[in-house]
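Heads up, the thing below is written out as structure tokens.
The values are calculated or read from the model by the stated rules, or taken from the named source; none is laboratory data. Bear in mind the structure is a predicted one, so any value in this text is a computation, not a measurement. Cβ coordinates were reconstructed from backbone atoms using ideal geometry, including for glycine residues, and neighbour counts include every protein chain displayed. These accessible areas exclude ligands, DNA and RNA; they are computed on the full protein's heavy atoms, side chains included. Shrake-Rupley method; radii C 1.70, N 1.55, O 1.52, S 1.80 Å.
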Amino acid sequence: MSVITIERKVLEKNDEIARENRALFADHGVYVINMVSSPGAGKTSILERTLERLRTTLRIAVIEGDVQTDLDARRVAKYNVPAVQIVTRGGCHLEANLIRDAIGNLDLKACDLLVIENVGNLVCPSNYDLGEAVKVVVASTTEGDDKPLKYPSMFRNASVLIINKIDLLPYLQSNVAVLRENALKINPSLTVFETSCTTGAGMDAWCSWLTENARQKTAS
Amino acid sequence: MHELSIAQGIVDIVGHYVPRARFDTVRCVRVRVGDLAGVVPDSLAFCFTAVTAGTPMAEALLEIERVPYTIRCTDCTSESTTEPGLALCPRCGSIATTIIAGTELQVMTIDVDEETPEHS
């Protein structure tokens, strides 16, 4: 019997492709965000409100990840932005190679901001680097204020937290201050926005942040 | 449930060290899984059995070493094993902490029978 020392990361192949994606995005000056959340937190609605506000300011492209159907890409296409749908057919997250394939269908030269909407899942997508600049985690008030403690990895790996559906707070037990506090216990450096896609509350602050970051990237 | 693709990834990495034709010589694969790696050890063990079933590696054992989530505090310089993901130092309450262990997801060593296979 002999022992072979390996000491390699299981996800090294994904990480390597993610590095290539990141280099490609940098070459083209594209700012890339990876939106993650549990199913139904409001990623697509936030994206729609964002496109309404920013599509004339920034050149935006979208990659939609879903287990099944192209419903989300169709929702986004109404805003006249290039959109590619990835259907994972059961896969619970997007991987870097799927993004590499999808960007073959996009003109990165004509793009300032690429939004990747990941599969709704608060566990698996946190492990897979796609080559994005930042992960944006969306937590909705209806999910309760203890989500960050239950799914720490996702909140630890994200740079931005959007607390969505704040218009529903009068009808709920959950407390935004507690949600925010729990998220900051996991990741003190999170930038936090509170939004409602129904009333539009908080969308301007989020869109200003996004525009500023995308412009910095484009200028660099 | 991404443990299935992780299990497949482990088998693929072993394939860099042992030719697939000699997968029946692999006795044990040792992996390290951090408590914040987002991988359920029992589920990974189950998936490893599933992806190796009916292949020459079916007899190989998967040994999972769990790595506790550990942070180092910049303020009080202590190292603590704490609730996975928490940035809060349990000693002094500071949030100026860095993760020093618990995010690992690595193949460490494998045991193979007889002569050492070629490294590729």
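Counting only heavy atoms of the protein chains and using a 1.4 Å probe, A:E95 has close to 50 Å² of accessible surface. Pick out, from B:I100, B:A50, B:G9, the residue whose Cα sits farthest towards the positive end of the charge dipole of chain B, with +1 on the Cβ of Lys and Arg and -1 on the Cβ of Asp and Glu. Among B:I100, B:A50, B:G9, the one farthest towards the positive end of the dipole of chain B is B:I100.
Other protein chain C-beta atoms within 10 Å of residue C-beta, averaged over A:151-163: 3.
Whole angstrom only: what separates the Cα centroid of the stretch A:141-220 from the Cα centroid of the stretch B:19-71? Each part reduced to its Cα centre gives a spacing of 36 Å.
When the convex hull of its Cα atoms is viewed from all sides, chain B shows a mean projected area of 8.5 nm². The listed residues A:L113, B:L88 rank as B:L88, A:L113 when sorted by accessible area, largest first, using a 1.4 Å probe.
Spatially, the stretch A:65-120 and the stretch A:16-61 are offset by 9 Å when compared through their Cα centroids. With 0.36 nm allotted per residue and the present C-alpha distance subtracted, the B:C76-B:A58 stretch has 1.6 nm of extension available. For the protein assembly as shown, the Cβ-based charge dipole about the Cα centre amounts to some 1020 debye (Lys, Arg positive; Asp, Glu negative; other atoms uncharged).
You can think of it this way: the chain between A:A205 and A:T142 has 20.5 nm of extra reach, that is 0.36 nm per residue less the Cα-Cα gap. Can you find, among A:T141, A:L190, A:T57, the residue sitting farthest towards the positive end of the charge dipole of the stretch A:12-219, where Lys and Arg contribute +1 and Asp and Glu -1 at Cβ? Of the listed residues, the answer is A:T57. A probe of 1.4 angstrom, applied to the heavy atoms of all protein chains, finds A:V119 with accessible area near 10 square angstrom. Ligands, DNA and RNA aside, B:R30 has an accessible area near 70 Å² when probed at 1.4 Å. Peptide packing for A:133-140, A:33-40 was compared via the average number of neighbouring C-beta atoms within 10 Å per residue; ordered from the highest value, the list is A:133-140, A:33-40.
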